[in-house]
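Heads up, the thing below is written out as structure tokens.
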Amino acid sequence: MSHPYLYARALASSRQSPADAAEVFERDGVLVVVVADGRGGIRGGDEASRSLVAVVKSAVDDPAFTPKDVGAWVDLFRTRDTALASKGAGETTGVVVALWRQGLVGVSIGDSEAWVVTPRGVDNLTVGQQTRQRLGSGRVNLATFARPSLGGVLVIATDGLFKFASQDIIAGVVRAAPFEAAAERLVELVRNPNGTLADDAAVVLVRG
């Protein structure tokens with residue numbers, strides 16, 4: 001069984017070991033997107049973000065894991081939070097969205113975000129999440145969301161994008177740019193006039 005989605009991914013970083021990570025995985029008609037941003041200034045932030053991507057991949061590869069069950073993703077995030085905290089292995093934001101023909105579910109923590117951009121508006125899936133908490137802190141209050149269908153273009157990104165570009169500008173790029181180029185154009189919004197990056201950014205776009 002195949003999923004009906006196209007996706008594009010873009011990363012921009014000035015660091016030798018980027019703390020922002022984004023990957024897309026597929027299984028049995030389900031597309032799973034994960035974005036993570038290791039906390040700057042804390043040792044192990046880059047490793048923490050990569051570890052979240054790794055455990056998401058392991059879950060998708062596990063036949064016993066149910067990616068359409070938001071509770072399964074909540075359990076995975078809580079387990080990763082405990083594991084990182086117990087080892088002092090850094091902190092990371094995290095957003096996971098699982099999409100299939102009949103709907104989508106997701107879980108989030110921190111200031112990375114997931115939006116659905118439609119021709120007339122923006123549905124912020126992660127509105128109300130705990131932006132100051134991260135996996136690895138040992139005290140996460142996770143936000144969850146679900147929709148019956150995608151209904152637009154999914155934008156999942158780290159805070160580097162949302163800090164330096166307004167909602168109107170981001171939505172305008174998503175609506176106007178060719179889909180294959182839109183993710184790269186979004187990360188370019190983080191670039192200063194002199195060519196340097198104001199922050200790292202990781203972006204994934206998904207459309208039906």
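The values are calculated or read from the model by the stated rules, or taken from the named source; none is laboratory data. Every value quoted in this text rests on a predicted model; they were computed, and no experiment measured them. With ideal geometry, Cβ positions are generated from the backbone for all residues, glycine too; neighbour counts draw on all protein chains shown.
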Practice task
Please work out if Trp100 is at pLDDT 95 or above, of a type in the set (Phe, Trp, Tyr) and under 29 Å from Ala85 (Cα atoms).
Solution key: no
Exercise for the section: Take the residues in the range 75-106 that are surrounded by 15 or more Cβ atoms within 10 Å (Cβ to Cβ) and β-branched (Val, Ile, Thr), then tell me which one is nearest to the chain's Cα centre (by Cα). Expected result: Val95
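Among residues belonging to the range 114-171 that are among the charged types (D, E, K, R) and over 15 Å from Val33 (Cβ atoms), point out the one that is nearest to the chain's Cα centre (by Cα).
Asp159
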Exercise for the section: Could you check how many residues of the range 107-125 are surrounded by fewer than 24 Cβ atoms within 10 Å (Cβ to Cβ) and either at pLDDT below 95 or not hydrophobic (A, V, I, L, M, F, W, C) (or both)? Expected result: 8
Exercise for the section: Among the residues of the range 1-42, write down those that are farther than 23 Å from Leu186 by Cα and hydrophobic (A, V, I, L, M, F, W, C). Expected result: Met1, Val30, Ile42
Practice task
Could you tell me which numbered condition Trp115 fails, if it satisfies all but one of (1) in a strand (DSSP E or B); (2) over 25 Å from Ala181 (Cβ atoms)?
Solution key: (2)
Exercise for the section: Enumerate the pairs (first residue in the range 1-30 and modelled with pLDDT under 90; second residue anywhere and aromatic (Phe, Trp, Tyr) and in a strand (DSSP E or B)) with beta-carbon separation below 8 Å, excluding pairs fewer than 6 apart on the same chain, so at least 6 apart or on different chains. Expected result: His3/Trp100
Handout entry: Any hit, the range 89-107, residues being assigned to a strand (DSSP E or B) and farther than 26 Å from His3 by Cα
Key = yes
Handout entry: Close pairs (9 angstrom Cβ cut-off, 6 or more residues apart or separate chains): under 17 Å from Ile109 (Cβ atoms) in the range 48-70, among the β-branched types (Val, Ile, Thr) and modelled with pLDDT under 95 anywhere
Key = Ala48/Ile42
